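In what follows, a single structure is set out as structure tokens and then discussed.
The values are calculated or read from the model by the stated rules, or taken from the named source; none is laboratory data. Predicted model only: the values in this text are computed from it and were never measured. As a convention, Cβ positions derive from the backbone with ideal geometry for all residues, glycine included, and neighbour counts pool all protein chains shown. With ligands, DNA and RNA removed, areas are computed over all heavy atoms of the protein, side chains included. Shrake-Rupley method; radii C 1.70, N 1.55, O 1.52, S 1.80 Å.
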Amino acid sequence: MARAGEAPVVEFLCYHRDRPGSLPLREKLIEEHWSYMDRFELIARGPTFDGGVLTGSVHVVDVPDAAAARAFAFEEPCYQAGAYRDVLVRRWRNVLGRTMWDFRGGREGGGHLVLGFGSGEPVDLVPARKDELIAYGPLLSDDGTAWLGTAALVRSTDPASVLTADLYDAVEVHAWEFGGRR
């Protein structure tokens, strides 16, 4: 979401998945992580969990291109220190046209990251139940021409139903909460 007079930017979703046992390292680097993130225009951010255990970190960022998105993902301090086992970096399109801070439901209460992976003809391009969506959009190839899935941050009692599951090769649902400085 470029501001008036600024160069156009492209949106990317980055999902850093934790390496098992990396929580002490992540805790040690939290201020470095936040300071690093402060340098970027973020649409959404926050940690993922499984049974209350930290499992990863989601960032949706505006950057000039795919190379800048990869630099953002791989220069992140926790990645550099070895806290993550892998990173998903995909071009993304902000269907809702807002940031997570604009979500009417507020920051309290958590939510879910829903990732649907696929190929071919795009599906779920027009989201249902917009009042439950914090962020939503298609996952795309670096050049934006191929649909690779859909990513949503959602506050819902049935987060997986945000996507039409049988139209995807795989759907992942992760507990998520609003991120940023506390």
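Once you have a ≥ b ≥ c as the square roots of the Cα gyration tensor eigenvalues for region 37-117, tell me rounded if a/c is under 1.5, and otherwise prolate or oblate according to whether a/b is larger than b/c. Note, shape of region 37-117 comes out oblate. Looking at the chain, the pairs of alpha carbons with a distance over 23 Å make up 38% of the total. Net charge of the neighbourhood of HIS174, taken over other residues with C-beta under 12 Å away and scored Lys/Arg +1, Asp/Glu -1, is -3. The figure for ILE30 is an accessible area of roughly 70 square angstrom, using a 1.4 Å probe on the protein chains alone. With a Förster radius of 30 Å applied to the beta-carbon distance between VAL53 and LEU167, the computed FRET efficiency rounds to 0.50. May I ask for the distance between the Cα centers of region 140-179 and region 112-137, given as a whole number of Å? After rounding, the separation between the Cα centres reads 5 Å.
Residue separation times 0.36 nm, minus the C-alpha to C-alpha distance between ARG39 and ALA160: what's the value?
Here the segment from ARG39 to ALA160 would lengthen by 40.3 nm.
Tally up the carbon and sulfur contribution to the accessible surface of region 109-182 as a whole percent, 1.4 Å probe, everything protein left in place.
Reported share for carbon and sulfur atoms: 53 percent.
Over every Cα atom in region 102-182, the radius of gyration and the widest Cα-Cα span, Dmax, amount to 13.0, 41 Å.
Shape of region 118-160 from its Cα gyration tensor (a ≥ b ≥ c, root eigenvalues): rounded if a/c is under 1.5, otherwise prolate when a/b > b/c, or oblate?
prolate
Subtracting the Cα-Cα distance of ARG129 and ALA146 from 0.36 nm times their residue separation leaves 3.6 nm of extension gain. Using a Gaussian network model of the chain in which every pair of alpha carbons under 10 angstrom is joined by a spring, one finds that among LEU167, LEU115, LEU148 the greatest mean-square fluctuation is at LEU167.
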